[in-house]
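Just so it is clear, none of the values below were taken in a lab; they were calculated from the coordinates. Note that the structure is predicted; figures quoted are calculated from it, not measured. Don't worry about glycine lacking a Cβ; one is built from the backbone with ideal geometry, like all the others, and counts go over all protein chains shown.
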Amino acid sequence: MTLPVGTDYDIRIEPIGATHFDWLRKRDYAGWVVLVDDHTRADCLPLIEAELAGTPTVIIEVPAGERFKHLDTCRFIWEEMFRGGVGRRWCCLNLGGGVIGDMGGFAASTYKRGIDFVQLPTTLLSQVDASVGGKLGIDFYDVKNSIGLFKDPIAVWVDTRFLATLPARELRSGYAEVIKHSLIADRQQWDEIREWTDLSAVNWTDIIPHSVRIKRDIVLEDPFEHGKRKALNFGHTIGHAVESYFLNRENRLLHGEGVAVGMITESWLSADRGTLAEEDLARITDYCLRVYGHQPIPRDCFDELIQLMRQDKKNERGEINFTFLARPGEAVVNQTATADQITRSLEYYNALGTS
């Protein structure tokens, strides 16, 4: 299946094979860089390695995980590109999850003023969300994705075979973005997925294209996040702060686990504002808890979380910017909340662990 993103690039959802690399060879690159982490080098690279033969290739391996998504890792990538003789007529293939896609695209787009890149997302999170839309970047000053740019790949190749390499927890993390897409844009799908808790039984070949279409359509309408695209941030203002707080702790949260906290708390804010019905808040809360469980948030870190939210790049005029829900399937962008309201939303979440 091929989904065009305007006239700029296509998202191909199918097993990656010879036709993909034949298309790439026709672009007459001098060589390819393949960026992997230690997991995707072992589990995913073998699925495409035979197709790399015959073209000069530099494979660069970086450590896996969000905590390595920073300037030092980018410096290592750039150094390896220089050592490998990579020039401007090369193409970078980012084989990995959201961290590899964000950081690899950023490194490629800034190396020698920019080389082309292809996204080969290997996690559910990156297949339904991170690889689509041209947002690239790294974490800086303890704030997620605070250094970066908008730059489209020349292609996105989504191969569901990669999902078989994922631990159950990683699959569950990516599923948070499917929930988010349903809540902001598809009430019917939200009603359907609320029956799912066993993700091993889900037919991803149906779910992934549906979720990708939602994000693609929003991105095409608002490519630089001036308006409607902000709907995609539902659950992420609080979710990113919670994820950042736990990043270097023993009970570290994955991205989707942080977003699940964010979807519950930001749904509470929506209900507190009067845009979301209480029964919908209860359904969202119940489903996120059934899928993700409950991670208590220390009360003494609330101020730190709010300070992290104040650093969010979506903020305007000194106010913390949110996306709220009017109802499942309909988002309301450019909403704000006070520190007191955010604190009460976090208290609401914490109380769920004692109920």
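Taking the convex hull of the Cα atoms, report for segment 266-355 its projected area averaged over all directions, in nm². Kindly include the intermediate steps, with their values, before the conclusion.
Working: hull surface 24.4 nm².
The number I arrive at for segment 266-355 is 6.1 nm².
Each 10 Å bin from zero up to the one holding the largest Cα-Cα distance in the chain carries the following percent of pairs: 5, 26, 34, 23, 9, 2, 0. In straight-distance terms, cross-link reach from Lys135 covers every one of the aspartates and glutamates whose alpha-carbon lies under 13 Å from its own, apart from those fewer than eight places away in the same chain; here that gives Asp102, Asp152, Asp222, Glu225. The separation of segment 167-214 from segment 323-343, counted between C-alpha centres, amounts to 22 Å. 3J(HN,Hα) couplings calculated from phi for segment 95-107 with the Karplus curve 6.51 cos²θ - 1.76 cosθ + 1.60 (θ = phi - 60°) are, in sequence order, 9, x, x, x, 5, 5, x, 5, 6, x, x, 5, 4 Hz; Gly and Pro show x. Shape analysis of segment 168-352 yields a ratio of the Cα radius of gyration to the Kirkwood radius, Rg/Rh, of 0.94.
Listed by chain and number, the lysines whose alpha-carbon sits under 17 Å from that of Lys180, ignoring those within fewer than 8 places in the same chain, are Lys215, Lys228, Lys230.
Pull out a ≥ b ≥ c, the square roots of the eigenvalues of the alpha-carbon gyration tensor of segment 2-165, then state rounded if a/c is under 1.5, prolate if not and a/b is larger than b/c, and oblate in the remaining case. Mind showing how you got there, number by number?
Numbers: a/c = 1.31, a/b = 1.16, b/c = 1.13.
Judged from the Cα gyration tensor, segment 2-165 comes out rounded (a/c under 1.5).
Shape of segment 163-277 from its Cα gyration tensor (a ≥ b ≥ c, root eigenvalues): rounded if a/c is under 1.5, otherwise prolate when a/b > b/c, or oblate? Rounded shape, in that the Cα axes give a/c under 1.5. What net charge do the residues around Ser270 carry, taking every other residue with its C-beta under 12 Å from that of Ser270, with Lys and Arg at +1 and Asp and Glu at -1? Neighbourhood net charge equals -3.
Taking packing as the residue-averaged number of other Cβ atoms within 10 angstrom, the listed peptides 119-128, 142-151, 197-206 run from highest to lowest as 119-128, 142-151, 197-206. Amide H contacts under 5 Å for Thr336: Phe322, restricted to partners 5 or more places along the chain or on a different chain, H placed in the peptide plane at 1.01 Å from N. Sequence-ordered 3J(HN,Hα) estimates for segment 70-80 from the Karplus curve with 6.51, -1.76 and 1.60 and θ = phi - 60° stand at 8, 4, 4, 5, 4, 4, 4, 4, 4, 4, 5 Hz, glycine and proline given as x. Our summary gives the chain a relative contact order of 15 percent, counting only alpha carbon pairs under 8 angstrom and 6 or more residues apart. Candidates Phe76, Pro15, Ile297 compared by Cα position along the dipole of the chain: farthest toward the positive end lies Phe76, with charges placed on Cβ. How far is the Cα center of segment 43-75 from the Cα center of segment 223-239, in Å? About 29 Å separates the Cα centre of segment 43-75 from the one of segment 223-239.
So if I place +1 on the C-beta of Lys and Arg and -1 on the C-beta of Asp and Glu, and nothing else carries charge, what would the dipole magnitude of the chain be about its Cα centre? I want it in debye, nearest 20.
Details: 40 positive and 52 negative charges, 179 e Å.
Dipole of the chain, to the nearest 20 debye: 860 debye.
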